[in-house]
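Shown next, in structure tokens, is the structure this report addresses.
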Amino acid sequence: MIEAIFLFGADVILIRIDEHHIQFGNTSYGTRLGTIDGLQLSRSGVEKEFPDLVNNVLWREEAIRRFKENIKSLKGEKAILRYIEEDLGKHGYVLKRWKQNGYREVKV
């Protein structure tokens, strides 16, 4: 299991990766974690990432499905963390630290 902390402005974002299961948390809502199904997605951000979803009524469901398929195709938790870091970095999120079970915390 890997836990990573990202900063987005004043918000602290916690991401927990356990094999191919990913949970997201935000300090503005306490320490509760949830899956991508519970996240608020920006329509403009999704359309920027997937231009073919511009006029799609089910844009949110399709974006979540594509995210989950992409995660399943990656090998290992570190590869998933690198993908999430790269993807969130495009939107202004900054990885500050991450910790893998059995290892010391890594500050970035």
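Considering only residues that are out of contact with any helix residue (DSSP H, G or I) (no Cβ under 8 Å at 6 or more places or on another chain) and under 16 Å from residue 48 (Cβ atoms), which ones fall in region 63-86? Quick ask: steps written out before the conclusion?
In the first step, residues of region 63-86 are kept if they are out of contact with any helix residue (DSSP H, G or I) (no Cβ under 8 Å at 6 or more places or on another chain); the result is 65-66, 69, 72-73, 75-79, 81-82, 84-86.
The answer is 66, 86.
Name the strands (runs of 3 or more DSSP E) wholly inside region 5-108 in which the number of residues that are surrounded by 14 or more Cβ atoms within 10 Å (Cβ to Cβ), touching a residue at least 40 places away in the same chain (Cβ under 8 Å) and out of contact with any strand residue (DSSP E or B) (no Cβ under 6 Å at 6 or more places or on another chain) is 1 or more. Spell out how you get there, then give the answer.
Values: elements: 11-18, 21-26, 94-100.
Ranges flagged: 21-26.
Each reported figure results from applying straightforward, stated rules to the coordinates on display, with no laboratory input. Predicted, not measured: the structure shown is a model, and the values here were computed from it. Because the Cβ atoms are built from the backbone with ideal geometry, glycine has one as well, and the counts that use them run over all protein chains shown.
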